[in-house]
Amino acid sequence: MSSFRHVMAFGTFDLLHPGHVAFLEQAKQSGDHLSVVIARDANVKKIKGDFPKQDEQARHDAVVNTAIPDRVILGDLDDFYVPIRSTQPDLIVMGYDQRVNVTRLQRDFPTIQLIRAKAFFPEKYKSSLMKRCKIED
């Protein structure tokens, strides 16, 4: 049996900041290969009520440019679980404050371990706070 561990993380990663980088680093340290799924613009609007400040390609590129994940993909527009089914990770690392239906994930993917990342100075590095403070050009 192989000890190779494939890790997956999801997120919007709007206005990438040190809290996001800490999350990615924690996820990467949890296994051997990290795949990161970037939320699609339309899905962010559905879930959060507003479009992200940066479009999905800019957010994708920012995560790629951290050089932390081994693979970065855009999520599915209709089914959030497509990347999980196609990749079959061993572990999903969720953000400390990420809204996730853990019960459903455990039911639908009983062999995948789920953990929460630790917060990284959330009073300073939280996207919703940073967006309110960001000065628009």
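Which of the residues belonging to segment 14-34 are under 14 Å from Thr66 (Cβ atoms) and in contact with a strand residue (DSSP E or B) (Cβ under 6 Å, 6 or more places away or on another chain)?
Passing the criteria: Ala27, Lys28, Leu34.
Given the residues Ala67, Ala42, which is the only one that is over 30 Å from Ser3 (Cβ atoms), of a type outside the set (Ser, Thr, Tyr) and modelled with pLDDT of 95 or more?
Numbers: Ala67 fails: over 30 Å from Ser3 (Cβ atoms).
Answer to the selection: Ala42.
Would it be correct to say that Ile47 is under 11 Å from the mean Cα position of the chain (by Cα) and closer than 18 Å to Val100 by Cα?
Values: under 11 Å from the mean Cα position of the chain (by Cα): no; closer than 18 Å to Val100 by Cα: yes.
Taking the combined requirement at face value, the residue does not satisfy it.
Considering only segment 97-115, state which residues are modelled with pLDDT under 95 and within 13 Å of the chain's Cα centre (by Cα).
Within segment 97-115, Asp97, Gln98, Arg99, Val100 qualify.
Read through the list (1) out of contact with any Pro (no Cβ under 7 Å at 6 or more places or on another chain); (2) buried (at least 24 other Cβ atoms within 10 Å of the Cβ); (3) β-branched (Val, Ile, Thr), then give the number of the only condition that Val36 fails.
(1)
With segment 12-101 as the region, which helices (runs of 4 or more DSSP H) entirely inside it contain at least 2 residues that are touching a residue at least 60 places away in the same chain (Cβ under 8 Å)? Give the steps one after another, and end with the answer.
On the way: elements: 18-29, 41-48, 56-65, 82-87.
Per the criteria, 18-29, 82-87.
Do you know which residues across segment 55-86 are buried (at least 16 other Cβ atoms within 10 Å of the Cβ) and among the polar types (S, T, N, Q)?
Thr66
The values are calculated or read from the model by the stated rules, or taken from the named source; none is laboratory data. Not measured: the values here are computed from a predicted model. As a convention, Cβ positions derive from the backbone with ideal geometry for all residues, glycine included, and neighbour counts pool all protein chains shown.
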